[in-house]
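No value in this document is a laboratory result; all are computed from the given coordinates. Just so we're clear, the structure is a prediction, and the values are computed from it rather than from any experiment. Every residue, glycine among them, receives a Cβ derived from its backbone with ideal geometry; neighbour counts consider all protein chains shown.
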Amino acid sequence: MIPALPAAPAVALTTTVRIMLPAGKSRAFHCPARRVPPRRIVSLALLLGLLCTTADFLAQETAPQRYTFALPRMGTLFQIELYAGSKVEATRAATGAFERIEELEQVFSDYREDSELNCLAREGSTAPRPVSAELFYLLDKSLLFSRLSGGAFDVTIGPVIAVWRKAGRYGRRPGAAELAKARAAVGYQNIELDPKTRTVFLKRSDMKLDMGAMAKGYAADQALELLKSQGIRSALVDAGRNLAVGAPPPGKPGWKIVIDSPDTSEANPPCSLVLHDVGVATSGNARRFVQVEGQRYSHIVNPADGAALRGSAGTTVIARDGTTADALATALAVLPVAGGLRVLESVEGAAAYLVRQEGGEWRYYSSLRFPRACRELRKWGN
Ligand code: AMP
Ligand code: MG
């Protein structure tokens with residue numbers, strides 16, 4: 001699903017923003033009990049501010065105008081589209097939202113060695129570790145989705161993901177022994193949370209946590225909240241096709257959201273919906289995959305056997321917030337269609353749209369609550 005965003009003029013500027021860690025911050029550290037202060041976004045506000053001309057400062061705009069901003073973070077491009085009374089107001093709010101995303105990256109990144117998540121994975125098996133409220137909250141949520149999906153969604157999948165990333169780098173399929181060893185370290189049941197002390201204990205020392213399947217949806221939600229706190233309600237945050245959709249643009253019923261599909265045949269043009277105040281996420285292997293021995297493997301793996309998903313598929317979930325949509329889209333990408341839809345129907349306010357290639361043919365499936373506008377366009381497989 002691709003939000004209908006015309007090319008954002010701010011992209012060229014914002015994508016050049018360089019981040020500087022405070023000196024000495026990158027290596028020596030211990031697990032922080034509280035949220036790590038945000039890294040300095042060098043001149044982010046300044047750069048975004050440069051978009052405002054003097055005329056903008058002087059202009060007394062009355063009707064809200066549309067503004068777009070973008071910044072690469074968490075391995076994807078965050079795009080913000082919002083309506084504000086002036087460019088100054090828009091820029092201030094977008095800067096705040098990007099700073100919030102930056103903060104969250106420092107907590108949840110599995111790429112940054114000094115993220116709170118990686119720190120917990122290293123130190124959380126020696127004794128229960130106090131963590132930030134934010135990390136505790138999302139780990140707790142992740143366990144909920146793990147239980148709900150019977151383990152199809154699992155944030156302890158890290159060791160298996162590492163094996164597949166290595167396979168992608170060297171272009172060689174992982175060996176059975178290597179995969180079995182990695183799988184042995186996977187299991188959400190090995191995470192123990194104590195809400196009284198806000199501590200986390202990892203039962204195995206070889207665990208590696210990976211929030212990649214829900215942190216972007218959460219960051220989109222949080223960025224939208226930040227914009228709201230600045231008085232901007234008509235906004236949409238897109239974190240690599242994990243959307244947090246706010247109030248409709250002025251005078252419109254909602255935001256036009258194009259539902260992405262791996263089926264690019266002319267007979268099945270992409271379907272679009274008009275939505276507001278929801279989360280929307282699409283999981284699939286159209287863009288993120290590794291090529292190994294001539295085969296394409298998805299970045300999503302099945303925790304049951306450690307296998308990376310194969311074949312073309314698209315899974316879109318609409319839910320009450322971006323976090324829920326993000327987690328469910330990944331879970332449903334792993335689960336068989338019928339089982340996935342059963343899980344989906346048990347979540348209040350959630351709806352799903354699945355595109356699967358079966359026997360060389362595209363099949364479409366949807367949950368009962370998925371908007372009819374899209375359902376009627378398709379020959380459904382269910
Ligand atoms: P998404 O694009 O939201 O579906 O998330 C995919 C990312 O989540 C991958 O790049 C992995 O980092 C991680 N991941 C892969 N498989 C799983 C899984 N079964 N459960 C939880 N996280 C996963
Ligand atoms: Mg996801």
Under a Cβ-only charge scheme (Lys and Arg +1, Asp and Glu -1), can you give me the dipole magnitude of segment 227-382 about the Cα centre, in debye to the nearest 20? 320
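One quarter of the convex hull surface, Cα atoms only: what value does that give for segment 253-375 in nm²? Please list the in-between numbers first.
Numbers: hull surface 32.8 nm².
Dividing the Cα hull surface by four gives the mean projection, 8.2 nm².
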Rounded to one decimal in Å, the inverse mean reciprocal Cα-Cα distance for segment 116-202, i.e. its Kirkwood radius, is 14.0
Run the dipole for segment 123-219 about the Cα centre, Lys and Arg Cβ at +1, Asp and Glu Cβ at -1, nothing else charged, and hand back the magnitude in debye, nearest 20. 400
Would you mind working out the magnitude of the charge dipole of segment 253-297 relative to its Cα centre, with +1 at each Lys and Arg C-beta and -1 at each Asp and Glu C-beta, to the nearest 20 Debye? 140
State, to one decimal in nm, how far the label point of residue 172 lies from the label point of residue 133, with both points 7 Å from Cα in the Cβ direction. 4.9
Determine the distance separating the Cα centre of segment 115-136 from the Cα centre of segment 345-370; give it in Å without decimals. 36
Fewest first, what order do 326, 263, 305, 277 take by the number of other Cβ atoms within 10 Å? 305, 277, 263, 326
